1. It is to be established whether one or more residues within the stretch 96-113 are without any contact (Cβ under 8 Å) to a residue 24 or more places away in the chain and within 22 Å of residue 37 (Cβ to Cβ).
2. Would the stretch 75-90 turn up any residue that is under 20 Å from residue 118 (Cα atoms) and in contact with a helix residue (DSSP H, G or I) (Cβ under 8 Å, 6 or more places away or on another chain)?
3. What tally of residues in the stretch 68-78 results from selecting those that are loosely packed, with under 15 Cβ neighbours inside 10 Å and assigned to a helix (DSSP H, G or I)?
4. Filter the stretch 76-116 down to the residues that are in contact with a Ser or Thr (Cβ under 9 Å, 6 or more places away or on another chain) and acidic (Asp, Glu) and list them by number.
5. Residues to consider are 62, 31, 43; find the one that is surrounded by 13 or more Cβ atoms within 10 Å (Cβ to Cβ), under 21 Å from residue 4 (Cα atoms) and free of Cβ contacts under 8 Å to residues at least 12 places away in the same chain.
6. When the residues of the stretch 9-47 are filtered to those that are part of a helix (DSSP H, G or I) and among the hydroxyl-bearing types (Ser, Thr, Tyr), which remaining residue is farthest from residue 90 (Cα to Cα)?
7. For residue 92, are the conditions met, namely being of a type in the set (A, V, I, L, M), surrounded by 15 or more Cβ atoms within 10 Å (Cβ to Cβ) and under 14 Å from the mean Cα position of the chain (by Cα)?
Amino acid sequence: MKTLIISMKSSSETLKDFERALTRARAGRIKRPHYEISFDNRKNFERFVRHISILSTILALKPRSVYELAKLSQMDVSNMNKIILFFEEMGAVRLKISKVNGRTVKQPIVEYDRIEFDLAA
């Protein structure tokens, strides 16, 4: 089971976490993979949270394209594309590109079973 952890941290805190993880990796003390997205500004964090239902829709309904996801979510395709590109940039969604009837289709895939929030102050 892959769990994605979402957190709000300053860039210096994120760098310290990376340094600790690198030290553990070099020493061979990493037991399992760790997937985390750390936001350093409130705007992107709130955008992620506002659209988290889209990740649930992808997991539950497994749409074959961004267009199909937009129709299932009753959203404009242009807006959905922007949201999916944001999620891809953050690492929460992977786009599988394939050809269907001569057209390029981007299928959104969420590779995590759970999403947890770490909001420790």
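The values are calculated or read from the model by the stated rules, or taken from the named source; none is laboratory data. Keep in mind it's a predicted model, so treat the numbers as computed, not measured. Every residue, glycine as well, gets a Cβ built from its backbone with ideal geometry; the counts of neighbours run over all protein chains shown.
1. Yes, that holds for at least one residue.
2. yes
3. 3
4. Hits for the stretch 76-116 are 113, 116.
5. Numbers: 31 fails: surrounded by 13 or more Cβ atoms within 10 Å (Cβ to Cβ); 43 fails: surrounded by 13 or more Cβ atoms within 10 Å (Cβ to Cβ).
Of 62, 31, 43, the one residue that is surrounded by 13 or more Cβ atoms within 10 Å (Cβ to Cβ), under 21 Å from residue 4 (Cα atoms) and free of Cβ contacts under 8 Å to residues at least 12 places away in the same chain is 62.
6. Looking at residues that are part of a helix (DSSP H, G or I) and among the hydroxyl-bearing types (Ser, Thr, Tyr), I get 23.
7. yes
Residue-wise test of (1) under 22 Å from residue 83 (Cα atoms); (2) in contact with a strand residue (DSSP E or B) (Cβ under 8 Å, 6 or more places away or on another chain); (3) not small (Gly, Ala, Ser).
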| position | (1), (2), (3) |
| --- | --- |
| 12 | no, no, no |
| 20 | no, no, yes |
| 35 | yes, yes, yes |
| 50 | yes, no, yes |
| 55 | yes, yes, yes |
